[in-house]
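The values are calculated or read from the model by the stated rules, or taken from the named source; none is laboratory data. Worth saying up front: this structure is predicted, and the values here are computed from it rather than measured. A quick note on method: Cβ atoms are made from the backbone with ideal geometry, for glycine too, and the neighbour counts reach across all protein chains shown.
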Amino acid sequence: MSTSLILIIITTALVNNVVLSQFLGICSFLGVSKQIKTSISLGVAVIFVITIASGVANLLYDFLLAPLHLEYLETIVFILVIACLVQIVEMFLKKSSPAIYKALGIYLPLITTNCAVLGVALTNVQNEYNFIQSIVAGLGTAIGYTIAIVLLAGIRERIDEASVPLPFRGAPVVLLTAALMSIAFMGFSGLSL
Amino acid sequence: MSHIIIATAAVAVIGLLIGVLLVTVDKKFKVEVDEKEAAVRACLPGNNCGGCGYAGCDALASAIIHQEAPVNGCPVGGDPVAEKISTILGLEMEHTEKVAAFVKCSGDCENAAARCHYVGIHDCASAISSGLSPWTCDFGCIGFGTCAAACPFGAITVDQGVARVDRDKCKACGQCVAACPRHLIELVPDSATYAVRCSSHDRGAAVKKVCSAGCLACKLCEKQCEAGAITVENNVAHIDYDKCTKCGKCAEKCPAKVIKKRNPA
């Protein structure tokens with residue numbers, strides 16, 4: 001059991017990295033990766049939200065959608081629930097622990113619209129994970145997202161210092177960097193698990 | 001048919017439950033916000049653009065209340081918003097004087113002596129670190145436009161090897177001040193009529209060799225100034241703009257014509 005969970009984490013975080021292999025959550029990956037500090041904040045917020053969301057989505061699917069044979073409604077229901085969940089988590093944090101709320105700042109509500117969250121929930125259903133496996137898969141995916149965005153932020157901080165050819169300055173060089181990172185992450189698909 | 005009804009009902013019920021849940025949670029976890037803070041927040045534009053340097057309008061409102069940010073902290077709202085906020089807080093409106101960037105060097109192609117034909121990376125900091133800046137003066141403007149690249153408003157152009165600021169376009173954001181590797185740029189109030197266009201700490205004789213428009217530290221201006229606004233420190237003159245009476249005697253006497261009258265903005 002525990003080995004299969006470790007396997008899920010490695011698979012979701014590295015082999016099927018959510019950003020670099022599945023191309024989900026690209027907008028925040030490119031948008032909030034200018035500084036390592038902010039990218040870490042976003043990464044932590046994503047870990048927080050995806051882990052909770054994948055658990056809740058699993059419960060919803062197993063105890064509501066599957067018994068009613070409404071599997072085809074999973075997308076719309078998951079969107080509803082994730083949006084609501086993030087709102088509730090935000091309100092809860094604001095009241096109970098203002099310190100965490102301040103640290104996450106505007107990133108928490110931003111994640112509501114991050115497709116990676118929905119992507120994880122849907123992938124978990126496809127893979128027929130149970131409750132615990134879903135949470136672990138969510139955690140792994142979010143860790144993979146954090147690794148990717150922090151790496152890109154580190155590279156971008158260095159690119160800022162470098163003399164980049166004029167046509168590549170700004171967005172183009174970032175996209176090229178992301179593409180090279182994606183190729184590098186393809187190396188993980190050779191892992192024999 | 002029953003499929004459609006079940007599906008519609010299920011989504012409707014879920015939506016309804018979520019709505020009720022959100023309202024109850026909102027009531028239960030309501031955080032008491034300072035009345036003034038809510039009023040200040042209402043004055044702000046609410047675009048959450050982050051132009052003030054805080055994470056959205058809520059954060060700026062809280063910072064203004066706690067006196068961490070000035071009442072005119074919102075660059076989008078400008079003076080009208082600042083006025084509303086200051087009436088809420090019962091403060092006198094701070095009328096800040098407009099300042100603009102000013103380059104303290106006049107060593108252009110005509111005045112400054114060239115050291116070499118520089119063909120390296122076209123960036124001021126790179127030129128300095130290579131030890132081969134195009135001008136002989138070790139304090140003057142290099143003219144590769146690192147400041148112009150840093151300016152988000154396109155207010156700086158390099159003309160004849162010296163950066164020049166278009167004061168109409170300058171928003172006094174200070175990006176160029178931080179970008180200049182020789183610290184030549186200063187934010188100077190618009191009302192300042194006379195300014196020193198040199199930053200060389202070299203002695204007069206050394207300055208003369210490398211630039212015909214450099215401050216010789218002769219102290220003639222210091223002696224001329226009746227208001228005591230000019231001091232010569234580290235071989236370069238400084239004008240205290242608060243004390244300056246704009247009499248113009250310093251500019252008249254300056255042998256190198258380093259102190260010059262500025263064009264009115």
* To do: Answer yes or no: is there a residue in region B:141-149 that is in the same structural domain as B:ALA179 (by TED's automatic domain parsing) and out of contact with any strand residue (DSSP E or B) (no Cβ under 8 Å at 6 or more places or on another chain).
  => yes
* To do: Exactly one condition in (1) more than 21 Å from B:CYS57 (Cβ to Cβ); (2) within 8 Å of chain B (Cβ to nearest Cβ) is not met by A:MET91; state its number.
  => (1)
* Would you mind listing the helices (runs of 4 or more DSSP H) fully within region B:39-152 where at least 2 residues are touching a helix residue (DSSP H, G or I) at 6+ places or on another chain (Cβ under 8 Å) and within 30 Å of B:ARG203 (Cβ to Cβ)? => B:124-130, B:146-150
* Asked: When the residues of region A:24-78 are filtered to those that are within 14 Å of chain B (Cβ to nearest Cβ) and of a type in the set (Ser, Thr, Tyr), which remaining residue is surrounded by the most Cβ atoms within 10 Å (Cβ to Cβ)?
  -> A:TYR61
* Counting just the residues of region B:24-57 that are under 29 Å from the mean Cα position of the chain (by Cα) and at the interface with chain A (Cβ under 10 Å from one of its Cβ atoms), which one comes out surrounded by the fewest Cβ atoms within 10 Å (Cβ to Cβ)? -> B:GLY50
* To do: Scan the helices (runs of 4 or more DSSP H) fully inside region A:22-140 and keep the ones with 1 or more residues being modelled with pLDDT of 85 or more and either closer than 20 Å to A:THR12 by Cα or touching a Phe, Trp or Tyr at 6+ places or on another chain (Cβ under 7 Å) (or both).
  => A:26-31, A:36-60, A:74-96, A:115-126
* Structure fact -> Restricting region B:9-23 to residues that are facing chain A (nearest Cβ under 10 Å), out of contact with any Cys (no Cβ under 8 Å at 6 or more places or on another chain) and not small (Gly, Ala, Ser), the one surrounded by the fewest Cβ atoms within 10 Å (Cβ to Cβ) turns out to be B:VAL13
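Matching residues to (1) of a type in the set (Gly, Ala, Ser); (2) within 14 Å of another protein chain (Cβ to nearest Cβ); (3) in contact (Cβ under 8 Å) with a residue 24 or more places away in the chain; (4) touching a strand residue (DSSP E or B) at 6+ places or on another chain (Cβ under 7 Å):
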| position | (1), (2), (3), (4) |
| --- | --- |
| B:ALA127 | yes, yes, no, no |
| B:PHE139 | no, no, yes, no |
| B:CYS151 | no, no, yes, no |
| B:GLY154 | yes, no, no, no |
| B:GLN160 | no, no, yes, no |
| B:ALA163 | yes, no, yes, yes |
| B:CYS170 | no, no, yes, yes |
| B:VAL196 | no, no, yes, yes |
| B:GLY204 | yes, no, yes, no |
* Report, by residue number, each residue of region B:180-192 that is crowded, with 19+ Cβ neighbours inside 10 Å and either of a type in the set (A, V, I, L, M, F, W, C) or modelled with pLDDT under 85 (or both). => B:CYS180, B:LEU184, B:ILE185, B:VAL188
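Residue-wise test of (1) touching a Phe, Trp or Tyr at 6+ places or on another chain (Cβ under 7 Å); (2) closer than 24 Å to B:ASP190 by Cβ; (3) exposed (fewer than 14 other Cβ atoms within 10 Å of the Cβ); (4) of a type in the set (Phe, Trp, Tyr).
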site	(1), (2), (3), (4)
B:ALA101	no, yes, no, no
B:CYS105	no, yes, no, no
B:CYS109	no, no, yes, no
B:CYS116	no, no, yes, no
B:ALA125	no, no, no, no
B:TRP135	no, no, no, yes
B:GLY143	no, no, no, no
B:ALA148	no, yes, no, no
B:ALA163	no, yes, no, no
